[in-house]
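Participant: Structure below; questions to follow.
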Amino acid sequence: MENFDDLFAENCFLPCIGEAEPKQHAYVRRQKSLDTLLAELEVIKNNIEEIKAKEWHLAKLMKFHKEGLAPQ
């Protein structure tokens with residue numbers, strides 16, 4: 001069976017197809033330097049620490065919400 005590009009080139013395509021779909025670019029693997037990777041890792045670690053701090057703060061707020069401000 002012929003592929004879509006061959007059929008399109010020979011004008012053998014369904015009437016409902018107005019234009020050929022644009023070809024997608026192939027994935028190109030890019031090499032990053034070690035310094036770039038370490039910098040990206042540091043950003044990720046900082047984001048994780050920030051999320052943990054927010055999670056702890058929200059847990060404290062939920063505790064106060066459930067128990068009230070003063071222990072009974």
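What follows is calculated from the coordinates using simple rules that are stated; it is not laboratory data. Because the structure is predicted, anything quoted here is derived from the model rather than measured. Ideal geometry is used to build each Cβ from the backbone, glycine not excepted, and the neighbour counts take in all protein chains shown.
Participant: Using a Förster distance of 35 angstrom, determine the FRET efficiency expected from the C-beta separation of Ala53 and Asp6, and round it to 0.05. Provide the component values of the computation, followed by the final result.
Facilitator: Working: r = 58 Å, r/R0 = 1.67.
It comes out at approximately 0.05.
Participant: To continue, here is another question. Evaluate the distance, in nm, between pseudo-label points positioned 7 Å from the Cα of Lys66 and of Glu42 along their respective Cα→Cβ axes.
Facilitator: 3.9 nm
Participant: Considering only the other residues whose Cβ falls under 13 Å of the Cβ of Glu42, what net charge follows from Lys and Arg at +1 and Asp and Glu at -1? Kindly include the intermediate steps, with their values, before the conclusion.
Facilitator: Values: positive: Lys45; negative: Asp35, Glu40, Glu49, Glu50.
My count for the surroundings of Glu42 gives -3.
Participant: Report, please, the projected area of segment 31-72 averaged over directions, based on the convex hull of its C-alpha atoms, in nm². Don't jump to the answer; show the numbers that get you there.
Facilitator: Working: hull surface 14.0 nm².
Mean orientational projected area (segment 31-72, Cα hull): 3.5 nm².
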